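Presented below is the structure to which this report refers.
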Amino acid sequence: MYQNAFFTLALFLFLSLAVSAQHGWEEVAPGVWKIVVGTPDDFDLLSAAAVPPRLEGLRKLGAAPFPLDSAQIVGEVTENQTQLRLPLVREEQIFGFGLNFKTVHQRGRILRLHVDHYGNSDNGRTHAPVPFYVSSEGYGVFVNSARYIDVYAGTGSRQDSPDPPEARDRNTDNAWTARPYSDAVEMRIPVGGVEVYLFAGPTPLDAVRRYNLYTGGGPLPPRWGLGFTQRVHRLFSDEQVRQEVQEFEDRGFPLDFVGLEPGWLSKSYPNTFVWDSGRFPDPEGFMTDLKKKGIRINLWVNPFVSPESPIYNDILPYTGTHTVWAGVVPDFTIPAAQQVFWGIFEREHLAKGVSGYKIDEVDGYDEWLWPDVARFPSGISAEQIRQTYGLLVQKQSADLYRKKNERTYGLVRASNGGGTSFPYVIYNDYYNHRDFITALINSGYAGVLWTPEARASKSAEEWLRRMQTVVFSPMAMINAWASGTKPWSFPEVEAEVRQMAVLRMQMMPYWYTEFAKYHHEGTPPFRGMSLEEGFAVGSGPLTIADSEADLETNPYAEAVRKEVKDQYMAGEYLLVAPMFEGETTRQVVLPAGRWYDFYSGEFVGEGEVITVTPGLDKIPVFVKDGALIPLTDARLHAPGNGEKYNLEVRHYGEKPGEYLLYDDDGETFDYERGAYSWRRLSVTRQKNGSWKGEVSNPEKGKPNNLSTVSWRFMTARQAL
Ligand code: GAL
């Protein structure tokens, strides 16, 4: 009582409450700490996602010391807003704050984290504005709030800063800058409290792993999800889909699942959620036939319910005040709304054989989504519903498949912090190829997956370049909903596109294992170079370019940091450096250690910037010394449940190598009950100097899908 009175008095007098002592931090898992500032909302990102942490993975990562000086972390609640401050040191770089498209380094940026369709500017409005950042100093920070969060990522300078900027005379001092040094990340959250989480390293990748594991670990897609997918023209009928599937087969193009766009629905925008009986008179028969050919069906939906939908009357009491395209907007936080909405999905889609969804338009734009003045029957604010809608639809749709012990893998246009484990890949309508690669990099700092989908192209060259990056991404997809483009639409490059698609399928054992690591260990399968050990973050001749201040038009111009935002890591060993239309040559920054050409096995360089001229048919890919890349035969469909496949293990470089190959049934959740194995592949040098490859024996009672195993030593023997 006395304490409470004191508290109120303190608040009253200073209008703020500072929580800064380390003892306020609770260690909630090894290397993960939480603090509660003020009185947070009951409904936040983690409660919307509702996924337990992967404690097993966190335990394996082990204990680590508290990564910051807790006295320098400040949380203050003033009236109805929370302000956070976290320290930065000189040269420290920060990455993250969601799915950005143009920037990788976030220090010095000002953002308002807000779920939206990306609008061509990295201002915080994006499909997954995840309030997580990772520091080059080896720690991560997550703010668990479903509010719009203002971020000043090292821009403000305070009087009480322990490391304040110097006042300089612009008249005489060339070192004067329009952006004086800032020693903190500051945030403003428009509510009277938040939970903050801190993730230890020691490396930045460890901090990312801890965040990913704490939010459930990455999804383990079914094997077929990592194969090829074609989204057909929006008004295709079942007959046209069958024909297209046949053409894939006839032309020798891999295909695992087909996406139907809005025309499968009797009415769309708003949606009835029932099949169009003209275009799809017998959905069940259609899907059964396709399944026999190894092809699955994914359905486009958005969640806005048409007055003509059979669920309209039942869902109405659980919808918001505002409509979207004249459809009602379910409040997915209410169990009764979930039952009605997903009930029709179970009856009309899953029971008939649908394998997954593309859940569209849960992000924005503001122009047609519900406004922030909307009200929802749960009483949760429109802002919070906006920030979590993508999480809720991912969670609830994925649960339908979990109930059937069947894995799914689909697409979604919005996600947020806490969504790591959902089997969904983000996409959008923006179409800048370079920026798509930057988004792929940023997805790895945000616990989300992103596909640089190919839709259409102005030239054969652009088509091939786009298809090359599609193949080195979490979902190898053509989205022909509007264009009707096929992989073979540009005959000049048909052979090269086919070769890439086939390579994707050959690499299935590698992709599948790397996703298993995302799930079990938290390592993002696609990630930025800053997470790679031996990569010089923010240093070297490539990283800083001076832009001349033009006093006339821009008196506050600054020297800018040249970022490495067009190359990335794919899995443990591969560095991918995409080519873009019009380019014949490019530079690649190789981290420390020796690197080899993926295709030829030749040594290319170590810890240096190289220039490559790969030709049109190749996307430059480089491999770490000692890498083992497990491949399988060229094939048109991913191996099914229990199907045996041949393994070809490629070894690169001069170091011996070891790789744990993941295996399970590829389709169900039985792996969660222990039905999986890690087979040890190893390559060692023998006395006579030749390489020897070995694979460990299958474990008794565990899945074993390997048929023959062969070895290829890619790098010609060097003088010993
Ligand atoms: C867009 C979506 C496209 C396509 C289209 C169908 O919003 O991003 O990929 O699905 O809707 O209407």
Qualifying residues in region 417-465 (those that are within 16 Å of the ligand (Cβ to nearest atom) and among the aromatic types (Phe, Trp, Tyr)) - the one nearest to Thr585 (Cα to Cα): Phe436
Right, Ala200: open to solvent by less than 10 Å² (accessible area, probe 1.4 Å) and either of a type outside the set (Lys, Arg) or under 20 Å from the mean Cα position of the chain (by Cα) (or both) or not? yes
Which of the residues belonging to region 247-280 are assigned to a helix (DSSP H, G or I) and either open to solvent by 70 Å² or more (accessible area, probe 1.4 Å) or within 16 Å of the ligand (Cβ to nearest atom) (or both)? Glu249, Asp250, Arg251, Pro262, Gly263, Trp264
Near pairs, Cβ below 6 angstrom, 6+ apart or cross-chain, from region 317-331 (part of a loop (DSSP other than H, G, I, E, B)) to any residue that is of a type in the set (S, T, N, Q): Asp331/Ser378
In region 398-416, how many are of a type in the set (Gly, Ala, Ser) and more than 16 Å from the ligand (Cβ to nearest atom)? 1
Output the residues belonging to region 477-488 that are away from the ligand (no atom under 16 Å from the Cβ) and either at pLDDT below 95 or touching a helix residue (DSSP H, G or I) at 6+ places or on another chain (Cβ under 7 Å) (or both). Pro487, Trp488
Would you mind finding the one in Glu572, Glu608, Glu602 that is open to solvent by 60 Å² or more (accessible area, probe 1.4 Å), within 25 Å of the chain's Cα centre (by Cα) and in contact (Cβ under 8 Å) with a residue 12 or more places away in the chain? Glu572
Pull up region 215-246, narrow it to residues that are among the aromatic types (Phe, Trp, Tyr) and open to solvent by less than 30 Å² (accessible area, probe 1.4 Å), then point me to the one that is farthest from the ligand (Cβ to nearest atom). Trp224
Tell me which residues, restricted to region 589-626, are more than 20 Å from Tyr659 (Cα to Cα) and in contact with a Gly (Cβ under 9 Å, 6 or more places away or on another chain). Val589, Leu590, Pro591, Ala592, Phe603, Glu606, Gly607, Val609
Could you please find all residues in region 44-75 being under 15 Å from Ile149 (Cβ atoms) and either hydroxyl-bearing (Ser, Thr, Tyr) or open to solvent by 20 Å² or more (accessible area, probe 1.4 Å) (or both)? Leu46
Looking only at residues in region 665-674 that are touching a residue at least 40 places away in the same chain (Cβ under 8 Å) and of a type in the set (D, E, K, R), which one is surrounded by the most Cβ atoms within 10 Å (Cβ to Cβ)? Glu667
Contact list please: Cβ distance under 8 Å, first residue in region 510-539 and at pLDDT below 95, second residue open to solvent by 10 Å² or more (accessible area, probe 1.4 Å) and assigned to a helix (DSSP H, G or I), pairs at least six apart or on different chains. Glu533/Leu205; Val537/Ser530
Any chance region 164-179 includes a residue that's of a type in the set (Gly, Ala, Ser) and open to solvent by less than 10 Å² (accessible area, probe 1.4 Å)? no
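The values are calculated or read from the model by the stated rules, or taken from the named source; none is laboratory data. As the structure is a prediction and not an experimental result, all values here were calculated from the model. Cβ atoms come from the backbone with ideal geometry, glycine included; neighbour counts cover every protein chain shown. Just the protein is used for accessible areas: all its heavy atoms, side chains included, with ligands, DNA and RNA removed. Shrake-Rupley method; radii C 1.70, N 1.55, O 1.52, S 1.80 Å.
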